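See structure below.
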Amino acid sequence: MNPEFVVFVIFAVAAVAGAVTLVGARNPVYSAMGLLLTMFSMAVFYVLNDAHFVAAVQVIIYAGAVMTLFLFVI
């Protein structure tokens, strides 16, 4: 089996789990952690498609700055 396919499947399951946690969590901090997991999984998808700059922007801007802002608002 292709190693890229295995990485894709693992992070696809993680992205779906993060999205379900984001929607289903009653605690806003758990919801933010689900969003963070989904954002990191998306960054891995970008790396698998050889879009390293977009993956770095995804982690720095969305997972870093937006999640920090979201947690401070809570």
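The values are calculated or read from the model by the stated rules, or taken from the named source; none is laboratory data. Keep in mind that what you see is a predicted model, and the values were worked out from it rather than measured. Every residue, glycine as well, gets a Cβ built from its backbone with ideal geometry; the counts of neighbours run over all protein chains shown. Surface accessibility is based on the protein's heavy atoms, side chains included, excluding ligands, DNA and RNA. Shrake-Rupley method; radii C 1.70, N 1.55, O 1.52, S 1.80 Å.
A few remarks follow.
- Subset of segment 15-53 [among the hydroxyl-bearing types (S, T, Y) and touching a helix residue (DSSP H, G or I) at 6+ places or on another chain (Cβ under 6 Å)]: T21, S31, T38, S41, Y46
- Test: L37 is open to solvent by less than 70 Å² (accessible area, probe 1.4 Å), free of Cβ contacts under 8 Å to residues at least 40 places away in the same chain and not in a loop (DSSP other than H, G, I, E, B): no
- Candidate set from segment 1-29 (those that are assigned to a loop (DSSP other than H, G, I, E, B) and aliphatic (A, V, I, L, M)); member that is modelled with the lowest pLDDT: M1
Table: residues versus (1) of a type in the set (A, V, I, L, M, F, W, C); (2) closer than 24 Å to V73 by Cβ.
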| residue | (1), (2) |
| --- | --- |
| E4 | no, no |
| N27 | no, yes |
| S31 | no, yes |
| L35 | yes, yes |
| H52 | no, no |
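- Residues of segment 19-48 satisfying the condition of being more than 22 Å from V9 (Cβ to Cβ) and of a type in the set (S, T, N, Q): N27, S31
- Index of the failed condition, Q58 passing every other in (1) without any contact (Cβ under 8 Å) to a residue 40 or more places away in the chain; (2) surrounded by fewer than 18 Cβ atoms within 10 Å (Cβ to Cβ): (2)
- Criterion applied to A43, A32 was being surrounded by 14 or more Cβ atoms within 10 Å (Cβ to Cβ), of a type in the set (A, V, I, L, M), touching a residue at least 40 places away in the same chain (Cβ under 8 Å) and in a helix (DSSP H, G or I), and the one residue passing it is A32.
- Complete set of residues in segment 61-74 that are among the small types (G, A, S) and open to solvent by 40 Å² or more (accessible area, probe 1.4 Å): A65
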